[in-house]
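Please read the structure below before turning to the comments.
The values are calculated or read from the model by the stated rules, or taken from the named source; none is laboratory data. For clarity, every value in this text was computed on a predicted model and none was experimentally measured. Counting neighbours? That spans all protein chains shown, and the Cβs are built from the backbone with ideal geometry, glycine included. When the accessible area is computed, the model is the full protein with side chains, heavy atoms only, and any ligands, DNA or RNA have been set aside. Shrake-Rupley method; radii C 1.70, N 1.55, O 1.52, S 1.80 Å.
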Amino acid sequence: RQTGPVQMPLVLVDEDPDWQKTNLLCSEAAVRGVYLHPWHNMFICAAHGEAVILEALDRLDGAFGVLKERFY
């Protein structure tokens with residue numbers, strides 16, 4: 001789930017009281033070159049073009065895949 005203003009989102013994993021799932025997601029994203037902070041709002045950068053955003057989303061698919069394998 002996402003909370004916070006759209007330009008400063010915080011991405012959280014539901015049913016994660018000890019932040020284990022969120023930390024895994026953020027760690028796996030970082031391994032793939034995408035930095036997500038596990039408990040603080042992030043900032044959107046308007047300097048990134050569509051190609052960079054699409055590449056980041058593609059890399060995040062892998063991070064979500066690990067989360068799914070481990071917990072769901």
Inset, instruction - Pull up the range 1-18, narrow it to residues that are open to solvent by 100 Å² or more (accessible area, probe 1.4 Å) and either in contact with a strand residue (DSSP E or B) (Cβ under 7 Å, 6 or more places away or on another chain) or closer than 16 Å to Phe64 by Cα (or both), then point me to the one that is modelled with the lowest pLDDT. - result: Arg1
Inset, instruction - State yes or no: is Asp61 at pLDDT below 95 and not in a strand (DSSP E or B)? - result: no
Inset, instruction - Output the residue which, of all residues in the range 31-72 that are surrounded by 13 or more Cβ atoms within 10 Å (Cβ to Cβ) and of a type in the set (Gly, Ala, Ser), is farthest from Gln2 (Cα to Cα). - result: Gly62
Inset, instruction - Give the range 22-58 a look and list any residue that's touching a Gly at 6+ places or on another chain (Cβ under 6 Å) and more than 14 Å from Leu12 (Cα to Cα), or say none. - result: Arg32
